[in-house]
């Protein structure tokens with residue numbers, strides 16, 4: 001009895017509390033910050049802070065093996081006059097210029113062709129997409145073997161057909177093209193699949209109506225397919241530009257970590273990597289990182305404007 | 001396997017009667033030729049790996065050696081560290097995939113279902129994060145990991161790869177598409193937001209979880225640059241980093257080089273053959289690039 005009466009006054013505020021909790025929608029409570037916290041802790045520590053850190057460190061003459069002193073903008077004046085840095089920036093731009101057109105156009109043509117056949121579609125998709133799931137080091141091992149002089153498959157076939165051998169990896173002017181061929185083979189499938197998805201969204205009735213009206217396949221392609229596919233083409237182009245600007249892996253591995261014949265392939269990220277991890281010049285590497293970072297962001301923002309103008313909804317990077 | 005997206009001729013042109021009779025054989029010929037060209041590098045790697053090593057470096061090339069042998073595979077497994085690399089890749093990739101799904105779906109749930117101060121500012125940060133080129137930040141990121149004492153550790157490989165703003169957007173789009181009524185009755189019953197997230201929204205988001213999971217897995221498994229930067233001890237190498245050392249350390253033993261390349265490619269190639277449909281649809285739906 002006494003315990004029951006004692007518990008009564010306690011019960012009432014508890015009821016009030018739950019009532020208040022119910023009236024206050026949990027969907028607008030600070031608990032949301034708990035949900036976002038794990039992601040944003042990781043995000044700030046590993047994506048946001050490195051940007052700030054690059055800017056700060058670039059103003060110091062800092063070394064990975066210890067020692068750091070304020071140098072103001074001298075890292076930036078040094079990179080302005082560093083021909084190797086600008087050569088590396090050019091190699092990245094050159095790789096982008098060489099790789100984007102074939103990686104935008106060829107998958108488009110192949111996707112258009114594949115949708116015209118009825119049998120073996122899955123086989124074509126398998127063949128064109130399979131290389132995309134290989135790790136880059138596997139891709140490079142295979143292509144380094146294919147590119148070998150003498151007993152490499154490509155040169156062997158070239159000579160048996162009466163052509164001269166090509167020094168795929170060791171000749172300036174050819175080495176970068178070889179890297180583009182590897183990239184085309186490796187990542188072709190990704191763009192191919194994006195095009196197939198875009199083609200799938202075009203209503204079949206449009207073609208049926210056009211065919212009933214006597215439109216030829218060529219007219220259907222020009223008047224229906226290409227106009228309705230244009231936003232996918234823009235999306236693929238933009239994703240490809242951004243991906244190509246980040247070139248490092250396959251060029252670095254094909255050249256065994258070197259700058260390429262007569263320093264003709266070393267891309268920007270590789271030069272930054274070398275400054276940071278083989279010369280331990282963290283300050284200088286950070287300055288170059290920051291310049292490269294701004295350049296990529298600038299290109300990305302221009303591209304995103306193009307996407308918006310083309311009316312594509314999806315905005316994706318990486 | 002046979003029905004991936006658009007097996008019913010997506011966007012297929014419809015030909016009028018009597019037209020295009022010559023076109024189809026030409027198209028088949030072009031497609032078959034190109035598909036063969038695309039598959040030849042992989043076939044050549046397999047063919048090389050099955051030869052005795054002495055017969056690989058002869059001109060003119062032959063597709064088949066004097067005998068088919070698994071000698072190169074045995075040698076690669078014996079002297080290589082590929083089993084260790086498999087283990088490192090598996091453990092880091094699994095943690096990255098689970099961690100990415102959990103953290104990004106929680107954040108997306110808050111963005112999709114809750115109102116809170118700073119919501120817009122945080123959403124802007126996610127969008128800004130999309131355009132940050134991670135690859136440009138390896139030097140400051142390494143210095144940071146080093147100062148945390150995380151260089152040359154599993155956590156050093158894992159943590160930076162969890163920051164995937166694109167996955168937040170993919171999950172948010174998935175959550176936004178679910179009807180709000182589903183959570184109303186749970187709210188009336190006094191369910192916590194965690195309960196609603198874990199027991200209502202996540203089970204309904206299996207397709208999104210699969211898409212994000214598959215792509216995070218493939219991307220993390222194949223990621224070369226970051227594990228390459230953050231590890232120097234061979235015992236921590238992942239498959240892509242370990243295989244990158246093969247070319248120089250194996251010299252001209254091409255049968256062994258190709259055997260180890262095939263072994264390195266095998267896990268994802270098998271996964272691709274098994275989950276071809278999900279992988280292809282995941283790309284098509286999210287535009288996520290590995």
**OP:** For the stretch A:104-120, name all the residues that are farther than 16 Å from residue A:299 by Cβ and modelled with pLDDT of 90 or more.
**Re:** A:105, A:106, A:107, A:108, A:109, A:110, A:111, A:112, A:113, A:114
**OP:** Could you run through the stretch B:134-166 and say how many residues are more than 9 Å from every other protein chain (Cβ to nearest Cβ) and assigned to a helix (DSSP H, G or I)?
**Re:** 6
Original post:
If you go through the stretch B:112-122 one residue at a time, do you hit one that is farther than 30 Å from residue A:55 by Cβ and away from chain A (no Cβ under 11 Å)?
Top reply: no
Subject >> In the stretch A:304-314, the residues that are closer than 9 Å to residue A:234 by Cα and modelled with pLDDT of 65 or more >> reply: A:306, A:307, A:310
Original post:
Before we move on, is residue B:258 closer than 27 Å to residue B:43 by Cα and modelled with pLDDT of 90 or more?
Top reply: yes
Original post:
Looking at A:166, A:174, A:139, A:236, which is the one that is at pLDDT 85 or above, within 28 Å of residue B:263 (Cβ to Cβ) and either assigned by TED's automatic domain parsing to the domain that holds residue A:93 or touching a strand residue (DSSP E or B) at 6+ places or on another chain (Cβ under 6 Å) (or both)?
Top reply: A:139
**OP:** Could you tell me whether any residue of the stretch B:52-61 is at pLDDT below 90, in the same structural domain as residue B:154 (by TED's automatic domain parsing), over 30 Å from residue B:196 (Cα atoms) and outside any helix (DSSP H, G or I)?
**Re:** no
**OP:** Filter the stretch A:278-312 down to the residues that are over 18 Å from residue A:73 (Cα atoms) and not in a helix (DSSP H, G or I), then identify the one that is farthest from the other protein chains (Cβ to nearest Cβ).
**Re:** A:311
Original post:
So which helices (runs of 4 or more DSSP H) stay within the stretch A:138-256 end to end and still have 1 or more residues that are facing chain B (nearest Cβ under 9 Å) and closer than 26 Å to residue B:46 by Cα?
Top reply: A:153-160, A:175-200, A:249-254
Original post:
Out of B:96, B:91, which single residue is outside any loop (DSSP other than H, G, I, E, B), touching a residue at least 12 places away in the same chain (Cβ under 8 Å) and either under 30 Å from residue A:275 (Cβ atoms) or within 13 Å of another protein chain (Cβ to nearest Cβ) (or both)?
Top reply: B:96
Original post:
Any idea how many residues of the stretch B:47-72 are within 29 Å of the chain's Cα centre (by Cα) and loosely packed, with under 14 Cβ neighbours inside 10 Å?
Top reply: 1
**OP:** Enumerate the pairs (first residue in the stretch B:268-290 and outside the structural domain of residue B:173 (by TED's automatic domain parsing) and at pLDDT 85 or above; second residue anywhere and assigned to a loop (DSSP other than H, G, I, E, B) and crowded, with 17+ Cβ neighbours inside 10 Å) with beta-carbon separation below 8 Å, excluding pairs fewer than 6 apart on the same chain, so at least 6 apart or on different chains.
**Re:** B:268/A:134; B:268/A:135; B:269/A:134
Subject >> Test for residue B:211: is it more than 12 Å from every other protein chain (Cβ to nearest Cβ) and surrounded by 16 or more Cβ atoms within 10 Å (Cβ to Cβ) >> reply: yes
Subject >> Candidate set from the stretch A:45-86 (those that are buried (at least 18 other Cβ atoms within 10 Å of the Cβ), assigned to a helix (DSSP H, G or I) and more than 13 Å from chain B (Cβ to nearest Cβ)); member that is farthest from the chain's Cα centre (by Cα) >> reply: A:79
Subject >> Conditions (1) touching a residue at least 60 places away in the same chain (Cβ under 8 Å); (2) in a helix (DSSP H, G or I); (3) more than 10 Å from every other protein chain (Cβ to nearest Cβ); (4) in contact with a helix residue (DSSP H, G or I) (Cβ under 8 Å, 6 or more places away or on another chain); number of the one not met by residue A:265 >> reply: (2)
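The values are calculated or read from the model by the stated rules, or taken from the named source; none is laboratory data. Owing to the predicted nature of the structure, the values given are computational and were not obtained by experimental measurement. Reconstructed Cβ throughout: ideal geometry from the backbone, glycine too, with neighbour counts over all protein chains shown.
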